[in-house]
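Working notes, beginning with the structure itself.
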Amino acid sequence: MDWHPTQISQEVGSGLFSDYSSVQFVNVSGIINSLDPSAGTITYRQEMMYIFSCRYPLQYLINNTEITVSGVSLAVRDNNGSFISTLSMQLYEDSSYTTHLKIPESGLKLKKRIFVEVKATNLTERFNVLLDRCYATTSPFPINSSYYDLFVGCNRDGQTVITSNGQTQTARFSFEAFRFVEHKNMTVSIFYLHCATRLCETSVCSSVLPNCSANARAKRDLQSQAQSTTVSEVATVTSGPIITRVDSGGPPGQDTQVAEESYRDSPVFSAAVAAGVVGVLCIAMVAFTVLRIHSSKRQSKEKALWEGAKGSE
């Protein structure tokens, strides 16, 4: 998104602003270029460019200003104007979504279930959170990166369970931890979770949700024009790094035992045993030789003393 310099103009008040001698207006304009998250070397999708320009009374902007430091922001148009809703993604340990997921440096075990929550704040009761697509990539930036879809449209991974989507201002689902095949030679696999999210009016959310029957598709096509004014643009919210590791799946200590058995069966271990045996034999031979020499010298000395004593007699 490219923003043009903000322009502020001052005009004589009229209508609702007749009590003021003059009213300041702010003009905000810019360009939004669409990005295709599934594009690789080539793409079959056209690039779209949105040119927008907004003009507001300065008082309106000041009264509705909110500062956010994280998350993704969606601008939703309401009958009373526009407001900003902030989306966030959280990972949890349990199905009650009370304990935040703690990922150790060594990584999570494969097939551990991870619970995901996408939540909107500063949102009126008129809108709900709708997830169009959730997928994992090997890079925090989904463009030109290996990806795996957890669910998109009517397609859903067999290990993914959608608990709530488009029903409230919080969308929830869960999936089992996995690793990317391209990380097969690595100790751990690191990936990032992304969800393409929209805000929909409560009255139309049920019709926007995926329904794979032919009749439902035809009905959605007829309603698409009406829904365009009640559904926001798509925004992508991303998680932090998710780390997984590989283990044998056995009881604690089994990995160490298997490693020790593998080492004992290796040629290196056999060579080490042979070298140890040879070393012990060499030490024994040296000790035997030294003892033999010492014993011979002692016997020679005793013999000389005995012969000397015999000669003096």
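Which count do you get for residues in the range 179-207 that are surrounded by fewer than 19 Cβ atoms within 10 Å (Cβ to Cβ), part of a loop (DSSP other than H, G, I, E, B) and under 20 Å from the mean Cα position of the chain (by Cα)? Residues in the range 179-207 being surrounded by fewer than 19 Cβ atoms within 10 Å (Cβ to Cβ), part of a loop (DSSP other than H, G, I, E, B) and under 20 Å from the mean Cα position of the chain (by Cα): 5 in total. Of the candidates Ala177, Ala120, Ala136, Ala171, the single residue that is touching a residue at least 60 places away in the same chain (Cβ under 8 Å), under 21 Å from Cys205 (Cβ atoms) and in the same structural domain as Cys200 (by TED's automatic domain parsing) is Ala120. The one condition from (1) part of a loop (DSSP other than H, G, I, E, B); (2) surrounded by fewer than 16 Cβ atoms within 10 Å (Cβ to Cβ) that Thr163 does not meet is (1).
Could you check the range 86-117 and list, in sequence order, the residues that are modelled with pLDDT under 90 and in a strand (DSSP E or B)? Hits for the range 86-117 are Thr86, Leu87. Among the residues making up the range 118-131, those that are assigned to a strand (DSSP E or B), out of contact with any helix residue (DSSP H, G or I) (no Cβ under 8 Å at 6 or more places or on another chain) and surrounded by 19 or more Cβ atoms within 10 Å (Cβ to Cβ) are Val118, Lys119, Ala120, Phe127, Val129, Leu131.
The values are calculated or read from the model by the stated rules, or taken from the named source; none is laboratory data. Since the model is a prediction, treat every value here as computed from it, not as a measurement. Counting neighbours? That spans all protein chains shown, and the Cβs are built from the backbone with ideal geometry, glycine included.
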